[in-house]
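Below is one structure; the comments refer to it alone.
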2 protein chains.
Amino acid sequence: MAQLLTPVVQETTPALIARQLRRAIGQGELAPGEQLNEAELSRHLGVSRGPLREAMQRLTQEGLLVSIRNRGVFVIEVTDDDVRDMYLARAAVERAAAARVIQLDAKDGGKQLLEVTKRMRKAANDDDADALTETDVEFHALLVALAKSPRLSRMHNTLMVETRMCITALETRYASHFVRADEHHEIAAAIRDGNAEEADRLLVAHMDDAVARLMEAPEEASTAEPA
Amino acid sequence: MAQLLTPVVQETTPALIARQLRRAIGQGELAPGEQLNEAELSRHLGVSRGPLREAMQRLTQEGLLVSIRNRGVFVIEVTDDDVRDMYLARAAVERAAAARVIQLDAKDGGKQLLEVTKRMRKAANDDDADALTETDVEFHALLVALAKSPRLSRMHNTLMVETRMCITALETRYASHFVRADEHHEIAAAIRDGNAEEADRLLVAHMDDAVARLMEAPEEASTAEPA
DNA sequence: GATGGGCCGATTGTCAACAATCATAACACG
DNA sequence: CGTGTTATGATTGTTGACAATCGGCCCATC
């Protein structure tokens, strides 16, 4: 028999709950700054407070939630500094991933990434901003997945939840859908061509652009308290 | 009054337990592959199983523990692939950190790092391998801390626990203590001089060296199962 | 001697109850 | 009017108990 038999891994309950919470945060169902009521949430999820608390500890470790003793856990509020830091970390991870992809199998990796950009262009044509965001996230997730690095993937997963949260909360929009699609296409093409320097340069520029866009959006959380 | 008043942050119990567990893993008190018995551990720590389990979920999220449903949580076993991946991730984080330090305040950052290398040289003179390892870890932790990036710091913290664990488990030793100290000194000097390219190059080389050293050490966990 | 079934101890998963803490608001006091 | 005090309701933190699951062992069977 072929090795189609993948070892059965029973996901643990807190891990499942944690995924739900991440999704909810990314989609803004749990708004930045909002407190997570244990009793209420556990009822909604159909579990008791124990497993829920364990799941919340996971997200707290990731930095998606902040815990204040005897008061509760809250969804993080993203300040300007946080946005900058998010993309600093994303750049660190994705640049390393891109370099690794080129090193492993540039041609194949590039092709897979170009496939995603095709769908981005379709979404741009349809003027479907949501689909565009979906494929955008998918592009970056695939880029890191192709690097086959468990650690980079884990880090990146957290960062993408934060990114999604920001996009949702700030309702960021590109000036043009096509510009957005093209930026990703160029990165994919550079990777396919094995041009590490170019891919690296494009990625950095892409991140800088994203920060600039998010910063000019109306702030929902101030970066410093008033004097 | 000056801003010497830091906001009071009551650390949560699972966070405290998690730190203890990380220390224990880094120092090899909890050996790779070992199962963590909840009842026994909670007794030792003087808490009940609830908070302990929450702490374990944190480390599981970090990838320091692996959880198998209905069986328990175990300290990760580090394969050759894991060692490579660890240093791939560390390179990603530390290269970004170095670049950021140079961007923020190269002179000051370089000086602080050089201070650490002084202590490394002293440890090398004393032929004190443990002190050398301590200062080694301190150097890299400081490098990332100086970048003032919460996200890079959080990621790096996890990676350094893994690194420590490997050094302890594999009893890795440099060929020469002085070589080890010098490598760090060069990196610090490059940062102080604001030479980004040089610092980046040295960091990559430093990581490659580390992987090579760890790989030639006797393996305690095989990377692939026998045919 | 190898295989399969069934019991048993140990450990984990889950839950509900209790204790501790905090924010709020009402109120007395200077 | 501002300050300090005290009840109160709600929420979190912690614990112990119970249910579920698993690995190991013994033993009957072929």
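The table that follows gives values for the structure above.
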{"item": "7 Å along Cα→Cβ, label-point gaps from residue A:204 to other copies, nm, shortest first", "result": "1.3"}
{"item": "Farthest toward positive dipole pole in chain B [+1 Lys/Arg, -1 Asp/Glu at C-beta], among B:195, B:120, B:9", "result": "B:9"}
{"item": "Nm distances between copies for residue A:215, ranked from closest, using label points 7 Å along Cα→Cβ", "result": "4.1"}
{"item": "The stretch B:26-129: trypsin sites (Lys or Arg not before Pro) in DSSP coil with no more than 15 other Cβ atoms inside 10 Å", "result": "B:69, B:71"}
{"item": "In the B-A interface, the accessible area buried, summed over both sides, Å² (probe 1.4 Å)", "result": "3200 Å²"}
{"item": "Degrees between helix A:150-170 axis and first principal axis of chain A (Cα, 0 to 90, nearest 10)", "result": "80 degrees"}
{"item": "Sparse-neighbourhood loop sites, GluC sites (Glu not before Pro) in the stretch A:115-206 - DSSP loop, at most 15 other Cβ within 10 angstrom", "result": "A:171"}
{"item": "Rg in Å to one decimal, and Dmax rounded to a whole Å, for the stretch A:13-75 via C-alpha atoms", "result": "10.4, 27"}
{"item": "Ascending list, in nanometres, of distances separating the residue A:131 label from those of the other copies (7 Å, Cα toward Cβ)", "result": "6.6"}
{"item": "Apportionment of accessible area to carbon and sulfur, the stretch A:8-146, percent (1.4 Å)", "result": "46 percent"}
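The values are calculated or read from the model by the stated rules, or taken from the named source; none is laboratory data. Just so we're clear, the structure is a prediction, and the values are computed from it rather than from any experiment. A quick note on method: Cβ atoms are made from the backbone with ideal geometry, for glycine too, and the neighbour counts reach across all protein chains shown. Note: accessible area is taken over every heavy atom of the protein model, side chains too, but ligands, DNA and RNA are not part of it. Shrake-Rupley method; radii C 1.70, N 1.55, O 1.52, S 1.80 Å.
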